[in-house]
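Accompanying notes for the structure given below.
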Amino acid sequence: MEKNEYILELKDVHKIYGRGTPNEVHALRGINLNIRKGEMVAMMGPSGCGKTTMLHIIGGLSKPTSGTILVNGINLDDFSGTKLADFRNRELGFIFQLFNLFPFLTALQNVLVPLLIQQLDEGEARTRANIILRELGLGGRMDHRPGELSGGQEQRVAIARALVTQPSILLGDEPTGDLDTLTSSDIMDLFRRLNQENKQTMLLVTHNKFVGNECDRIIRMNDGIVVDDDL
Ligand SMILES: Nc1ncnc2c1ncn2[C@@H]1O[C@H](COP(=O)(O)OP(=O)(O)OP(=O)(O)O)[C@@H](O)[C@H]1O
Ligand SMILES: [Mg+2]
């Protein structure tokens, strides 16, 4: 039996940017959410409604102003700095909205980074990085730097980097935003296969109805709250 029913629990999570200044923004206004292990969830909602803010908080990249985030029953607040970084590297895969690739590293080197941080043997790391890059159709682009790739190729390198550690939770911020329909559909097939083979939990922010419909569940946000959850 699973130790916890939910892999992810958010309890009354608020985020206020620039609190007490004239620029104060109440980006999250009380988010409550439970996600089970192995669920493939789409998060949708208009620009500025708080989707990226929520992913960053779940990923431990930013702290909530108030509220609780439990991952596998563990409160993110209980992690110290190094423990949090270690947890992020081992358990989470993050596909950022702006990719965040290292510009001076090749596609292959970018994908190797998280494995080398885990101190995986370099030969093994190269094998794994090669496999995932080829699965994403980048077999011929491994030695190219981000500036020498198309937007969609950069996005696929970012996806490869997030998947290569086989994270238990994949957090994707518009993971197919720069891809055409056919490529998006291939990526969704890959996500689904990994989801089924490894029971990986996936939380995908998207504006794309197709991506939403490929998921098990759609959570809709507006103005910092969840307005609809087809659980
Ligand atoms: N670092 C920040 N400082 C101040 N305000 C911020 C910051 N980051 C985001 N915001 C504000 O918080 C709100 C939520 O932003 P967020 O990036 O979470 O939206 P989003 O739903 O991801 O939008 P999009 O679909 O355009 O990516 C917005 O009003 C935004 O202007
Ligand atoms: Mg965003």
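Considering only DSSP beta bridges where both residues belong to the chain, give the percentage that are antiparallel (nearest 5).
55
Net charge within 15 Å of Thr65 by Cβ-Cβ distance, Lys/Arg positive one each and Asp/Glu negative one each, not counting Thr65 itself?
Around Thr65, the charge tally is +2.
Straight distance only, please: which aspartates and glutamates reach the Cα of Lys199 with their own Cα at less than 12 Å, same-chain residues fewer than 8 apart left out?
Filter leaves Glu39.
Amide H to amide H under 5 Å from Ile225: which residues, 5+ apart in sequence or cross-chain, H placed 1.01 Å off N in plane?
Those lying under 5 Å, H to H, from Ile225 are Arg29.
Going by amide H atoms built from the backbone, whose H comes under 5 Å of the H on Leu136, apart from near neighbours?
Amide H neighbours of Leu136: none.
Between exposed GluC sites (Glu not before Pro) in the chain, where DSSP calls loop and at most 16 other Cβ atoms lie within 10 Å, what's the longest gap?
By the stated rule (loop sites, at most 16 other Cβ atoms within 10 Å), 25-231.
Taking K and R as +1 and D and E as -1, what net charge do the other residues with C-beta under 13 Å from the C-beta of Val164 add up to?
Charge balance near Val164 sits at +4.
Show me, for the range 197-204, the HN-Hα J-couplings you get by feeding each phi into the Karplus relation (A = 6.51, B = -1.76, C = 1.60, θ = phi - 60°), rounded to Hz, glycine and proline as x.
5, 10, 6, 6, 8, 10, 10, 10
For the chain, what is the charge dipole size about the Cα centre, in debye to the nearest 20, if Lys and Arg each add +1 at the Cβ and Asp and Glu each add -1 at the Cβ?
260
So what is the relative contact order of the range 71-148, in percent, for Cα pairs below 8 Å that sit 6 or more residues apart?
36
Could you pull out every one of the lysines with an alpha carbon less than 28 Å from that of Lys15, ignoring same-chain neighbours closer than 8 positions?
Lys37, Lys51, Lys63, Lys83, Lys209
Relative contact order for the chain using alpha-carbon pairs under 8 Å, separation at least 6, rounded to a whole percent?
Reported as a whole number, the value is 29 percent.
Give a quick list of chymotrypsin sites (Phe, Trp or Tyr not before Pro) in the range 73-142 that DSSP marks as loop, anything other than H, G, I, E or B, with at most 12 other Cβ atoms within 10 Å.
Phe104
None of the figures in this text is laboratory data; all of them are computed from the coordinates on show. Note that the structure is predicted; figures quoted are calculated from it, not measured. FYI the Cβ positions are ideal-geometry reconstructions off the backbone, even for glycines, and counts take in every protein chain you see.
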